[in-house]
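The values are calculated or read from the model by the stated rules, or taken from the named source; none is laboratory data. These figures come from a predicted structure and were not determined experimentally. Positions of Cβ are generated from backbone atoms using ideal geometry, with glycine treated the same way; all protein chains shown enter the neighbour counts. Accessible surface is based on the protein model in full, side chains and every heavy atom, while ligands, DNA and RNA are left aside. Shrake-Rupley method; radii C 1.70, N 1.55, O 1.52, S 1.80 Å.
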Amino acid sequence: MKTTAEPINAGMFDYIVTGVGSAGCAVAARLSESGRYRVLLLEAGGKDSYWWIHVPIGYSRLFANPRVNWMFESEPEAELEGRTMYQPRGKVLGGTSSINGMVYMRGNPADYDLWRQRGCEGWDWDRVLPYFKKAEDQERGADATHGSGGPLRVSDQAVHWELGDHFIAAAVEAGLPANNDFNDGEQEGAGPFQNTTDRKERWSTATAYLRPARRRANLVVRTDAHATRLIVEDDRAKGVEFLCDGVLNVARARGEVIVCGGVYGSPQLLQLSGLGPGEMLREFGIPVVRDMPGVGADLQDHFYVRLAFRCTKPITLNDVANSPVKKLVAGLQYMLFHKGPLTSNGICAGGFARSDPRLDRPDIQLNFSVWSFKERTNRGVVPHPFPGFTISAVHLRPDARGSVTLKSPDPLAAPAIRFNFLRTQYDLEALTAGMRLARSITQQGALAPYVAEELLPGAEVQSDADFEASIRKNGVSNLHPVGTCRMGADPQAVCDPRLRVNGILGLRVVDASVMPTVPAGNTNAPTIMIAEKASDMILEDARAA
Ligand SMILES: Cc1cc2nc3c(=O)[nH]c(=O)nc-3n(C[C@H](O)[C@H](O)[C@H](O)COP(=O)(O)OP(=O)(O)OC[C@H]3O[C@@H](n4cnc5c(N)ncnc54)[C@H](O)[C@@H]3O)c2cc1C
């Protein structure tokens, strides 16, 4: 890390937001809305000018692209044959909302009721629903559970996929109820997925919140600005040190510092600032400001295995990707009319089910995609050279708990990420049930004619032991990590339910890391909900001060 001796004075602000991702964009837009507060945004990544960010199908081009992606790798996982888990995370304005799969999903109402039961007063479903609605611009219009006119566009699939209809019909044949809306409080069933797009373009939070806010004179956005340390004096956050072009800067906050660095960036910044497990900090020579064992603990993620199928008809995205002519036509369709396969994320349908009928709510999500791939690693995504589709069986409520810790006191070094997947028998059994359900759907009348062959895990996988071996070999993180700066009312909680860091004044964490448990669904919409609710709390506290 190169620095000048004296940090450059970057000014005084009411609020400093570190990390301009799903949460950071929303927080910054809301805090600067009144024009009353001067807000500084610090983002380690660059501007979101890369074309493929905005084209929905471009998702695959961002998955392992260092231009916009941190490309973290976990430590080897003991129960997964020592494999590491690739962890893409957005390093660009909009953060991970600029590189994610764009599926709009809120989770189950009971997830939020559980948050309240665990001491997070004010976070039950009835109290978070208004913030989901406030954020939302639902294409189907407003109703009791949906909002319209909010910054975040939520749309139905722009492309009609024949295979998606057949998946839904087959899932209903297999016993799931039909469900046209997974976000109205009733989650179980099979149906179409909605997206955070306007049917043409990705609707990241940079597009939704930051684009309209950037004209404001009271909002300063610094890109390529890596926050390296929080300045904490007398148990109060007073500012942030950050690196820009190898030069150390310091910005001061009159009001609050709001850490929005995401599930890996936020605990790492707190730890580098002396807020973390005392023993670990001392090991790296970092002065302990406050011994907080919860910082970086409680990492949770969904865990999934994909089932891949060769399709009998050339009606999948593989067929576009593998044909230069179809690719050219699709490109022209998009450039000229903003239509065609490039407007799709390919994840067109899915479902929620219970791995055991005795459960009170779904713990399995099935994601149906009209593509299949040979390889998806930190080297990129390679589609199969023939028509294919994929059903991912996701375990939504794993018992596994992991951690994020420092590997080095260098703020530019990646942290150590440990998931401890497959910690319990339930983790294995739920996923086995999910895979069996996915396979049985492909054997129903509506979908069977489209199945030429099960490629993965393969028809030879039949017994529980076979499934277990396949899960250990092929199971991966579902890229929905949360919990590393968990809110709660217990001594290990990092934040209180107003997201204030315990024991430190003027400091909050606002992003996916504060979730006490991972919701049963994709995590972008819940993160934006958290940002909306946190912004209200921050402004409320400012008025009361
Ligand atoms: C490949 C992929 C696909 C996904 N698909 C979906 C999906 O389809 N639907 C869905 O709902 N969810 C999806 N998710 C998950 C979802 O996008 C995330 O849960 C959500 O974006 C997390 O938001 P966040 O604000 O916590 O973090 P982020 O959006 O990651 O924001 C953190 C920001 O902080 C910046 N930052 C970090 N450290 C520093 C620092 N020290 N200084 C300055 N800046 C810093 C980062 O660069 C980043 O911009 C997906 C995730 C991935 C990786």
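Which log10 I(q)/I(0) values, to two decimals, does the range 420-484 give at q = 0.16 Å⁻¹ under the Debye formula with one point per Cα? Evaluating at q = 0.16 Å⁻¹ gives log10 I(q)/I(0) of -0.63.
Heavy-atom accessible surface of Asp143, to the nearest 10 Å², is about 80 Å², with a 1.4 Å probe and all protein chains retained. Using +1 at the Cβ of each Lys and Arg and -1 at the Cβ of each Asp and Glu in the chain, identify which of Val221, Met292, Met515 lies farthest towards the dipole's positive end. Farthest along the dipole direction, towards plus: Val221. Rg and Dmax of the range 196-308, based on Cα coordinates, read 18.0, 56 Å.
Computed from the Cβ-Cβ distance with R0 of 56 Å, the FRET efficiency linking Trp51 to Ser463 stands at 0.70.
Assigning unit charges at the beta carbon (Lys, Arg +1; Asp, Glu -1) and nothing else, what dipole magnitude in debye, to the nearest 20, does the range 236-361 show about its Cα centre?
620
Extending 7 Å from the Cα toward the beta-carbon at both Met335 and Glu73 defines two label points whose distance is 3.7 nm.
Rounded to the nearest angstrom and ordered from largest down, what semi-axes does the equivalent ellipsoid of the range 352-428 get from its C-alpha gyration tensor (root of 5λ)?
For the range 352-428, the ellipsoid semi-axes come out as 29, 25, 9 Å.
Say R0 is 30 Å: what FRET efficiency, to the nearest 0.05, do Val288 and Gln425 get from their beta-carbon distance? For R0 = 30 Å, the calculated efficiency reads 0.20. P(r) for the chain, from all Cα pairs and a bin width of 10 Å, is 4, 19, 30, 27, 14, 5, 1, 0 %, short bins first.
Extension gain, Arg215 to Glu162: 0.36 nm times the residue separation minus the Cα-Cα distance gives 14.8 nm.
Listed peptides 286-292, 417-423 appear in the order 417-423, 286-292 once ranked by packing, highest mean of other Cβ atoms within 10 Å at the front. Peptides 299-309, 497-507, 69-79 ordered by packing proxy, namely the average of other Cβ atoms within 10 Å per residue, highest first: 299-309, 497-507, 69-79. Rounded to 0.05, the FRET efficiency of the Lys374 and Glu188 pair, given R0 = 35 Å and the Cβ-Cβ distance, is 0.60.
Placing +1 at every Lys and Arg Cβ and -1 at every Asp and Glu Cβ, with all other atoms neutral, what dipole size does the chain have around its Cα centre, in debye to the nearest 20? Could the numbers behind the result be given before it?
Values: 60 positive and 63 negative charges, 358 e Å.
Rounded to the nearest 20 debye, it is 1720 debye.
Can you check what the net charge comes to around Gln268, using other residues whose Cβ is under 12 Å from the Cβ of Gln268 (Lys, Arg +1; Asp, Glu -1)?
Overall, the nearby charge balance is +2.
Any of Lys91/Lys407; Lys407/Lys473; Lys47/Lys200; Lys91/Lys533; Lys200/Lys326 with alpha carbons more than 22 Å apart? Name them for me. Exceeds cut-off: Lys407/Lys473; Lys91/Lys533. Once all protein chains are placed together, Leu455 keeps about 50 Å² accessible to a 1.4 angstrom probe.
Considering only protein heavy atoms and a 1.4 Å probe, what is the carbon-and-sulfur percentage of the accessible area of the range 361-421?
Numbers: 970 of 1920 Å².
So the carbon and sulfur contribution to the accessible surface is 50 percent.
Quickly estimate the mean residue ellipticity at 222 nm for the chain, helices only: each DSSP H run with n ≥ 4 gives -39500 (n - 2.57), and the total goes over all residues, rounded to 500.
On the way: 13 runs with 137 residues, N = 545.
Mean residue ellipticity, 222 nm, calculated: -7500 deg cm²/dmol.
Take Lys326: with every protein chain present and a 1.4 Å probe, its accessible area is about 90 Å². Hey, if you put +1 on the Cβ of every Lys and Arg and -1 on every Asp and Glu Cβ in the chain, which of Ser470, Leu270, Ser323 ends up farthest toward the positive end of that dipole? Final value for the positive-end residue is Ser323.
Please report, in cubic angstrom per residue, the volume enclosed by the convex hull of the alpha-carbon atoms of the range 444-516. Intermediate values should be presented prior to the final figure.
Values: hull volume 13.3 nm³, N = 73.
Output value, Cα hull per residue: 182 Å³.
Expressed per residue, the C-alpha convex hull volume of the range 331-479 stands at 186 Å³.
Extension gain for Lys327 to Leu505 (0.36 nm times residue separation, less C-alpha to C-alpha distance): 58.6 nm.
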